[in-house]
């Protein structure tokens, strides 16, 4: 244990550290870095982490009043036996896929885009502006809305992006704070110029029929098809093009990338701009397929879900799509828990955070070998 | 005009106190090399714990504030365990903890029935006879206890950080963990302690928001103040007194917002509500463009330390 410290602490010649006594220690944990780990073992650890995370979540749900026997029913049986529920999962999956792929593209170049919600707000505003001001003929309305949404999202991300690339301003904080700015601007519109004149509620007037994303039958919405198309394009971009290879370079070793002449600034710029556009399209999809208008809170919670999806998918767009569908299951179940057990929707956020924490913690075992040294 | 200015300046300290305390807490943990992005979450935990304590005890705001500190410190153990012992990426861990706290507090607040219930909270204490002085008395000596305590807390933390062995070791862990480790300082222990102590201060900031300022708990009550505090620390070059100055600046901006509307000046209110966030971004840009104090950043900020890993 530590020796007497009072005099040592004030004396100028005191050693930086006092001696510790010996003989009471049993040993200590020693860490060794692993150079390599077999994919199977990695998958096993990941699976264990997911089981632990889900186990803690289940315990929380039970503590909050859900019967243990009902858990399985709520999350698995209900969702996959009932076509109605399956439909809502696929419906919910579309915006989640967009934000997941968006986060993955930004994180690939180590741009921490925490402004997904702000970009979604601007996506919604861009799309609604087209509807509100009647821009273009009816036939081109949907593509125009998409274009405006994407441009608005890109415009919103370009500020933190430029600050980061040019001045090395921390983008984590800037993107996050811009969410609050965007939200206040949304309220300004919804309580002001865009207030629905029909019922005086703070949401925009209803979109007309040709401004809404149609259902394609079999419970599949065109929003989901759009999400899949953009996922495929992003997947192709990062896996099969030179640009994708560059993003990997920038992510893994940006000094090396600089040394061999990779245009780091340009790669970061393009990747992050695409991220902003995809987040904005998530906002567009919710406005045009789910709500049919611009509302006050359509973006809530998607920011973190995007981060979670990208993190679990290791920034791979195709994997992000799969994870997004699983998160959609969680969202839909969370809503039904809200209705039947009065459990706040915040539970969904908590479960997502627990899963991220347990998976992040499990990477410790993938990177280190732990010994007990005597 | 004088009346307006005096009222505004008198209102500033109570808006500045949460920024000041949170920034101070962040400085403690960042000086030890841990980027505590979880600040926003710890503030929420402190805010809920404070209100819940006061509702359950039926008063005692000072105990409520202590519980707020304790609760934030306990939750920060999770974050500290992740980043200090498991070496999880500090950004990922910080974000996950923020959202964990978001979810946890709105869940617990609802299940405990503490949401949207007004409390009596803490009132301002006039220090007579100083409070009777013209102008200065109202601005400086009719504040609440926490505002008065903030100054000694700053003295104490600044002294410990810069003038004590404890502070020297703590900073050595943040500047050069390998050297600190070689001279026998336990990097993990110091970082753990710094995170927990810093989070207690952040929890106090959160408790102040709900118990003293708003006198109410609603989910997300901190409204980005934790993030603003993180920016404030960068602006303050990781130095406590500069952080206090920055906090007063932001408190001043925030105190101005309701007064502009009350004075009958017509400005679009949602644009006014954007100003603290825009001002934060402006300050960060200014600090980056002028390269202000970049070299003051703790050299090992955000880097995990693992003894067996040689660089």
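Read-outs: derived from the displayed coordinates by stated rules, not from any lab. Since we're looking at a predicted model, the values are computed, not measured. Reconstructed Cβ throughout: ideal geometry from the backbone, glycine too, with neighbour counts over all protein chains shown.
I need A:40, B:238 ordered by Cβ neighbour count within 10 Å, fewest first. Let's see the in-between values first.
Values: A:40 8, B:238 23.
Sorted ascending by nearby Cβ count, the order is A:40, B:238.
Can you give the Rg and Dmax of segment A:147-241 based on its C-alpha atoms, in angstrom?
Reported Rg and Dmax, both Å: 18.2, 51.
List the equivalent ellipsoid semi-axes of segment B:173-212 in whole Å, largest first, each obtained as the square root of 5λ for an eigenvalue λ of the Cα gyration tensor. Please report the intermediate quantities before stating the final value.
Values: eigenvalues 197, 12, 4 Å².
Equivalent ellipsoid semi-axes, largest first: 31, 8, 4 Å.
Mean residue ellipticity at 222 nm from the helices of chain B, using -39,500 (n - 2.57) per DSSP H segment of n ≥ 4 over the full residue count, to the nearest 500 deg cm²/dmol?
The per-residue figure over chain B is -22500 deg cm²/dmol.
Going 7 Å from the Cα of residue B:133 in the Cα-to-Cβ direction, what parts of segment B:240-262 have a backbone nitrogen less than 20 Å from that spot?
Of the residues in segment B:240-262, B:245, B:248 have backbone N under 20 Å from the label point off residue B:133.
Where the centre of each part is set by its Cα atoms, how far does segment B:73-117 sit from segment B:273-304, in angstrom?
Rounded to whole Å, the Cα centres lie 24 Å apart.
If you take the beta carbon distance between residue A:58 and residue A:206 as r and set R0 to 45 Å, what does 1/(1 + (r/R0)^6) give as a FRET efficiency, to the nearest 0.05? Write down the numbers at each step before the final one.
On the way: r = 40 Å, r/R0 = 0.89.
Here the calculated transfer efficiency is 0.65.
Highest GNM mean-square fluctuation, chain A, Cα pairs closer than 10 Å: which of A:160, A:317, A:83?
Of A:160, A:317, A:83, the Gaussian network model singles out A:83 as fluctuating most.
Based on Cα coordinates alone, diagonalise the gyration tensor for segment A:90-342, multiply each eigenvalue by 5, take square roots, and list the semi-axes in whole Å, largest first.
Gyration-tensor ellipsoid for segment A:90-342: 30, 20, 17 Å.
With each label point set 7 Å from Cα along the Cα-Cβ vector, what nm distance links residue A:369 and residue B:178?
Label at residue A:369, label at residue B:178, 2.3 nm between them.
7 Å from Cα along Cα→Cβ at both residue B:2 and residue A:220: what's the point-to-point distance in nm?
The answer from the label model is 7.6 nm.
To the nearest µm²/s, what D does Stokes-Einstein give for segment A:41-181 at 37 °C and 0.692 mPa s, using the Kirkwood radius over alpha carbon pairs as Rh? Mind showing how you got there, number by number?
Numbers: Rh = 18.7 Å.
Translational diffusion coefficient: 176 µm²/s.
Using only C-alpha positions, report the orientation-averaged shadow area of the convex hull of segment A:58-109, nm², one decimal. Walk me through the numbers on the way to the answer.
Working: hull surface 20.4 nm².
With the hull built on Cα positions only, its mean projection is 5.1 nm².
Using bins 5 angstrom wide from zero, how does P(r) for segment B:79-149 break down, in % of all Cα pairs?
The calculated distribution, bin by bin, is 3, 14, 12, 9, 8, 11, 12, 12, 10, 7, 2, 0.
For an R0 of 25 angstrom, estimate the FRET efficiency from the Cβ-Cβ distance between residue B:85 and residue B:164 and round to the nearest 0.05.
Values: r = 26 Å, r/R0 = 1.02.
Computed FRET efficiency for residue B:85 and residue B:164: 0.45.
In square nanometres and to one decimal, what's the mean projected area of the convex hull around the Cα atoms of chain B? Please list the in-between numbers first.
On the way: hull surface 69.4 nm².
So the Cα hull casts an average projection of 17.3 nm².
Starting from the Cα-Cα distance between residue B:265 and residue B:117, subtract it from 0.36 nm times their residue separation and give me the gain in nm to one decimal. Walk me through the numbers before you get to the answer.
Working: separation 148, 0.36 × 148 = 53.28 nm, distance 3.18 nm.
So the chain would gain 50.1 nm between residue B:265 and residue B:117.
Please list the radius of gyration and Dmax for segment B:158-311, considering alpha-carbon atoms only, with Å as the unit.
Taking only Cα atoms of segment B:158-311, I get Rg and Dmax of 19.1, 64 Å.
Which one of A:221, A:362, A:131 has the biggest mean-square fluctuation once chain A is modelled by GNM with Cα springs under 10 Å?
Comparing A:221, A:362, A:131 in a Gaussian network model of chain A, the most mobile one is A:362.
Going by how many other Cβ atoms sit within 10 Å of their own, how do A:207, A:185, B:99 line up, fewest first?
Least crowded to most crowded, the residues run A:185, A:207, B:99.
Could you state the number of Å between the C-alpha centres of segment A:278-320 and segment B:152-222?
If you average the Cα positions of each part, the centres end up 36 Å apart.
Over all alpha-carbon pairs in segment B:38-102, figure out the percentage whose distance exceeds 14 Å. Present the calculation step by step, with values, prior to reporting the outcome.
Values: 1156 of 2080 pairs.
The calculated P(r) of segment B:38-102 puts 56 percent of pairs beyond 14 Å.
Give me the distance in nm between label points sitting 7 Å out from Cα along the Cα-to-Cβ direction at residue B:278 and residue A:69, one decimal.
With each label placed 7 Å out from Cα toward Cβ, I get 5.9 nm.
Once you've got the GNM for chain B with C-alpha springs shorter than 10 Å, pick whichever of B:29, B:131, B:188 has the biggest mean-square fluctuation.
Top of the fluctuation ranking is B:131.
Let me check against my output: what whole-number percent is the relative contact order of chain A, with C-alpha pairs under 8 Å and at least 6 apart? Walk me through the intermediate numbers first.
Numbers: 544 pairs, mean separation 127.5, N = 374.
Taking the mean separation of contacting Cα pairs over the length of chain A, I get 34 percent.
Kindly provide the Kirkwood hydrodynamic radius of the protein assembly as shown in Å, to one decimal, from all pairs of distinct alpha carbon atoms. Kindly include the intermediate steps, with their values, before the conclusion.
On the way: mean 1/r = 0.0375 Å⁻¹.
After inverting the pairwise mean of 1/r, the radius is 26.7 Å.
Could you tell me how far the Cα centroid of segment A:33-78 sits from the Cα centroid of segment A:133-183, in Å?
36 Å
So if I average 1/r over every pair of distinct C-alpha atoms in segment A:191-284 and take the inverse, what Kirkwood radius in Å does that give?
Numbers: mean 1/r = 0.0597 Å⁻¹.
About 16.7 Å, per the Kirkwood formula over Cα pairs.
Can you give the percent of C-alpha pairs in segment B:148-226 whose distance is more than 16 Å?
Values: 1888 of 3081 pairs.
The proportion of pairs with Cα distances above 16 Å equals 61 percent.
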